[in-house]
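One structure below.
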């Protein structure tokens with residue numbers, strides 16, 4: 001009888017302790033919002049959706065993609081910065097547009113508002129036209145633009161977006177003026193050029209590849225040192241005599257102030273996802289470039305790159 005009483009008492013203590021002092025929950029308990037600062041269908045959105053299943057696999061939870069377009073990415077970037085630093089909101093920032101916003105106006109975020117989780121690859125810039133366009137080459141474009149200053153329309157993912165800055169640098173290089181039409185992401189800009197609502201589009205090579213390969217868009221050139229292996233028929237700007245080199249990159253961030261253990265968990269999960277062999281094949285097929293870099297070292301690189309971007313903007317004024 002005494003033995004039964006003791007066992008019952010032990011059981012009661014265990015139940016009491018588990019109620020009053022519950023075991024610490026394992027992160028993540030629920031879906032993690034992944035903020036994309038652009039519309040569905042653009043390069044950033046596609047990159048996020050391609051990455052999602054690999055992060056789900058290694059994080060042991062679910063990423064929920066949330067599109068927050070507008071303000072040249074600022075709405076999405078600010079959503080990340082203002083989120084509660086509990087590990088349930090992360091997202092992508094886009095370089096150089098993240099810094100372009102800061103240097104061209106007062107923004108609702110600053111670089112110091114974020115924790116760096118991982119680099120996420122990038123892509124070179126290019127200029128394209130509808131495949132049926134009478135503009136066949138960069139020289140055609142330049143001739144038409146000089147004959148009709150400010151008339152030819154060029155779409156991009158936003159006012160002072162990375163795409164627009166690349167196009168602006170080209171305009172300065174060759175002395176032409178184009179009529180810029182900003183959109184809320186590369187997806188809508190691409191739709192506009194396919195529908196002949198704008199004559200030209202400035203965007204990233206990874207966003208262009210499927211539409212070039214399907215014969216819907218013709219690229220006039222790529223702003224890179226060498227031709228792209230998936231588009232070997234497309235010449236660079238440089239080999240056509242125009243020395244414009246331009247590219248963009250993306251990074252995974254979270255709001256500042258994460259618990260160190262949660263930050264480590266996120267960094268480890270994203271590193272495994274980003275270096276997964278199957279994911280790397282996907283990145284290559286998309287036409288992106290990627291090299292994993294230690295997050296803290298990458299954060300320092302971006303801080304240095306921000307100064308280069310500032311100087312480029314001064315040249316573009």
Number of the exception - residue 224 against (1) part of a loop (DSSP other than H, G, I, E, B); (2) buried (at least 21 other Cβ atoms within 10 Å of the Cβ); (3) outside the structural domain of residue 171 (by TED's automatic domain parsing): (3)
From the list 192, 145, which residue is assigned to a helix (DSSP H, G or I) and closer than 21 Å to residue 244 by Cα? 145
Could you list, in sequence order, the residues of the range 260-317 that are part of a loop (DSSP other than H, G, I, E, B) and over 25 Å from residue 207 (Cα atoms)? 294, 317
Can you name the condition, by its number, that residue 25 falls short on among (1) part of a loop (DSSP other than H, G, I, E, B); (2) under 17 Å from residue 86 (Cβ atoms); (3) at pLDDT 80 or above? (3)
Please find, within the range 171-191, the residue that is surrounded by the fewest Cβ atoms within 10 Å (Cβ to Cβ) out of those that are under 20 Å from residue 138 (Cα atoms) and touching a strand residue (DSSP E or B) at 6+ places or on another chain (Cβ under 8 Å). 179
Residues that are under 15 Å from residue 96 (Cβ atoms) and free of Cβ contacts under 8 Å to residues at least 40 places away in the same chain, drawn from the range 135-186: 164
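Let's see how each residue does on (1) touching a residue at least 60 places away in the same chain (Cβ under 8 Å); (2) assigned to a strand (DSSP E or B); (3) under 14 Å from the mean Cα position of the chain (by Cα):
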residue	(1), (2), (3)
54	yes, no, no
58	yes, no, no
66	no, yes, yes
85	yes, no, no
101	no, no, no
107	no, no, no
118	yes, yes, yes
124	yes, yes, yes
Is there a residue in the range 239-246 that is loosely packed, with under 14 Cβ neighbours inside 10 Å, outside any loop (DSSP other than H, G, I, E, B) and out of contact with any strand residue (DSSP E or B) (no Cβ under 8 Å at 6 or more places or on another chain)? yes
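Conditions tested, residue by residue: (1) within 22 Å of residue 295 (Cα to Cα); (2) surrounded by fewer than 20 Cβ atoms within 10 Å (Cβ to Cβ); (3) touching a strand residue (DSSP E or B) at 6+ places or on another chain (Cβ under 8 Å).
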position: 49; (1), (2), (3): yes, yes, yes
position: 60; (1), (2), (3): yes, yes, no
position: 70; (1), (2), (3): no, yes, no
position: 77; (1), (2), (3): yes, no, yes
position: 102; (1), (2), (3): yes, yes, no
So residue 194, is it more than 21 Å from the chain's Cα centre (by Cα) and surrounded by fewer than 24 Cβ atoms within 10 Å (Cβ to Cβ): yes
Out of all the residues in the range 198-205, is one or more over 13 Å from residue 128 (Cβ atoms) and in a loop (DSSP other than H, G, I, E, B)? no
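Conditions tested, residue by residue: (1) crowded, with 20+ Cβ neighbours inside 10 Å; (2) touching a helix residue (DSSP H, G or I) at 6+ places or on another chain (Cβ under 9 Å).
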residue	(1), (2)
248	yes, yes
254	yes, yes
261	no, no
274	yes, yes
279	no, yes
288	yes, yes
293	no, yes
305	no, yes
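For (1) within 23 Å of residue 150 (Cβ to Cβ); (2) not assigned by TED's automatic domain parsing to the domain that holds residue 57, each residue gets a yes or a no:
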site	(1), (2)
201	yes, yes
205	no, yes
232	no, yes
257	no, no
264	no, no
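The values are calculated or read from the model by the stated rules, or taken from the named source; none is laboratory data. Bear in mind that the values here come from a model prediction, so they are computed numbers and not experimental data. Virtual Cβ from ideal backbone geometry, glycine too; neighbours counted across all protein chains shown.
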